[in-house]
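This report concerns only the one structure given below.
The numbers here are math on the coordinates, done by the rules we state, and not lab data. Here the structure is a predicted model, which means the values were calculated and not measured. Cβ sites come from the backbone with ideal geometry, for glycine too, and all protein chains shown count toward neighbours.
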Amino acid sequence: MNNEKIVINGVTYVPEPSGEASTADGLPYVMVRTYSAGVFAGYLSSRTGQEVVLKNARRMWYWTGAASLSQLATDGTASPEDCKFPCAVAEVTLLQVIEIIPITDKAKKSIDEVAVWQS
C-alpha cells in the first residue's frame, strides 16, 4: 500500500477528493457498524469480507445530536458534550461488519471534539 492507494481483496482503490476525511497516508476515515460489537470510527486499513481492520479507532459508545449513523458520519454531532466516545485504540479488528460509511471532514472534526469518555 502506498500513500495514495488502498488495496482491498486485491483491488486497488485511489481516493478522489470528496470532502471525506483521510490521513496523510491516504487511508479513508470511516464509520463501521458491526453485528454485535457496536460502532467504531477510524481509518480503514483493510477489509476482507465482513472483517475490517481500523487504525486509530474510537468506539461510538453513545451519541446524541445526530438522528442516525448516516447523519453522524456526514454532519457529526450537534452535542459533543453529551456523547460518550472512549479513547482511540491503535488498531482493532472487527468481525461481522454490516455497514461502512465514509466520514466527512466536518463530521471528523466533530467526533474529534468529543472528550475522551472514561469512568
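Of note:
- Candidate cross-link partners of Lys5 among the lysines, defined by an alpha-carbon separation under 26 Å and a same-chain spacing of 8 or more, comprise Lys55, Lys106, Lys108, Lys109.
- When the helices of the chain are scored as -39500 (n - 2.57) per DSSP H run of n ≥ 4 and the total is divided over every residue, the value at 222 nm lands at -3500 deg cm²/dmol.
- Alpha-carbon Debye profile of the chain, log10 I(q)/I(0) at 0.17 Å⁻¹: -0.80
- If you plug the beta carbon distance of Ser70 and Thr34 into 1/(1 + (r/R0)^6) with R0 = 22 Å, you get a FRET efficiency near 0.85.
- Ordering of 87-97, 41-51 by packing [mean C-beta count within 10 Å, highest first]: 41-51, 87-97
- Linear extension gain, Val7 paired with Asn56, 0.36 nm per residue minus alpha-carbon span: 15.8 nm
- Among Trp63, Ala107, Val30 - extreme Cα towards positive end, dipole of the stretch 6-112, charges at beta-carbon: Trp63
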